[in-house]
1. Can you tell me which residue within segment A:109-152, out of those that are in contact with a Lys or Arg (Cβ under 6 Å, 6 or more places away or on another chain) and outside any loop (DSSP other than H, G, I, E, B), is farthest from the other protein chains (Cβ to nearest Cβ)?
2. Being closer than 20 Å to residue A:240 by Cα and part of a helix (DSSP H, G or I) is the filter here; which residues of segment A:4-54 pass it?
3. Kindly state which helices (runs of 4 or more DSSP H) lie completely within segment B:7-64 and contain at least 1 residues that are of a type in the set (Val, Ile, Thr) and in contact with a helix residue (DSSP H, G or I) (Cβ under 7 Å, 6 or more places away or on another chain).
4. Which numbered condition trips up residue A:100, out of (1) within 10 Å of chain B (Cβ to nearest Cβ); (2) touching a residue at least 40 places away in the same chain (Cβ under 8 Å); (3) among the small types (Gly, Ala, Ser)?
5. Taking segment A:161-172 on its own, how many of its residues are surrounded by 13 or more Cβ atoms within 10 Å (Cβ to Cβ) and within 29 Å of residue A:22 (Cα to Cα)?
6. Acidic (Asp, Glu), away from chain A (no Cβ under 13 Å) and within 30 Å of residue A:126 (Cα to Cα): which single residue out of B:27, B:20 fits that description?
7. Test of understanding: among A:83, A:94, which residue is of a type outside the set (A, V, I, L, M) and either on the phi > 0 side of the Ramachandran plot or not assigned by TED's automatic domain parsing to the domain that holds residue A:134 (or both)?
8. So which residues in segment B:23-54 are surrounded by fewer than 17 Cβ atoms within 10 Å (Cβ to Cβ) and under 9 Å from the mean Cα position of the chain (by Cα)?
Amino acid sequence: MSGADGFEVEFVDRSERSARFLVRGLTPALANGVRRAIVADVPTFSIEHLRVVENSSVMFDEMIGLRLGLVPLTTPLDDFELGDTVTIALDVEGPATAYSGDIQTSDDLVRPADDDVPIIQLKENQRLELEAEAVLESGKTHAKQQGGVAVGYRHLQQTVVAGDRDEFEDDDGPQIVRGVIEEGAPEATDDDVAEGDLVLTDSFGNDLRERYPGKEVDVEDIPGAFVFHVESDGSFSVEELVLRAAESIGSRAVELRETVAV
Amino acid sequence: MMVPVRCFTCGSVVSRHWEEFRERTREGDEDPGTVLDELGVERHCCRRMLVSHRDLVDVVAPYQ
């Protein structure tokens, strides 16, 4: 996949809730801009206000409110606008555990992303009944509204074999790299890889000594190439999260251009 | 009290795995590290959430 303005995106690892992808043609500032947009700009639904009817559990209303707020809710962004609310209800009587799956919502599009998050364990004669409002807000307002989890990036690194290692040299332990490397010396490995292939460091225990036995290996950053690792909390897919983040950077750039235009 | 819903550090939802983790390590005899690997709890920030948790609901229940 290649963009009109020279970005090149390549997926290394991809599933519904987590992805690792390489972007070429980014400056460090833009790479961090993308990360920040993923974390702070893409809104998700999260429970904000509670109306507690009955709470005879061992936890205070506020603690239940905090736990409910942290439960990720599915967020179809095409159908809602920032600030929209959805009404939510929960009614569980002990002895039982109230799970996120017991939450009822007024809109079928918005529901708990996972049904197995325990909210509170209820004993005999304990009951939790409440109504709540979930609100669509961005991660700037509260961490519970963030759609991305553990979002980060690393420079793509290339391995270069500098020569043979002196076999009588003291063993100074493993040579650790993490994430993804670009293969720069396929002839020195046992794998069937070509020069320039991307290799997950997990495949060789993150230790270059394992991959290039007996070789002295240098690792160099490749300018403008970043490997992103993004996880979603389940509100939407990773793909939608990243695309919405890129869209938000784009729309703010347009807004800036229009504002400063003479 | 109850297991925290999310990891304090990274924000991933760890509480979903608590009940299985408890059954397999506290009541069963499995190695906690292997169980966490199998549950897909990879980062050490998330792993400590489950390893260091203790349920206290039963302890405070009589005091309402």
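The values are calculated or read from the model by the stated rules, or taken from the named source; none is laboratory data. Note that this is a predicted model, so its numbers are computed, not measured. Because the Cβ atoms are built from the backbone with ideal geometry, glycine has one as well, and the counts that use them run over all protein chains shown.
1. A:131
2. Of everything in segment A:4-54, those that are closer than 20 Å to residue A:240 by Cα and part of a helix (DSSP H, G or I) turn out to be A:30, A:31, A:32, A:33, A:34, A:35, A:36, A:37, A:38, A:39, A:40.
3. B:32-39, B:44-51
4. (2) is the only condition that residue A:100 fails.
5. Qualifying residue count for the region: 1.
6. Answer to the selection: B:27.
7. A:83
8. Within segment B:23-54, B:48, B:51, B:52, B:54 meet the criteria.
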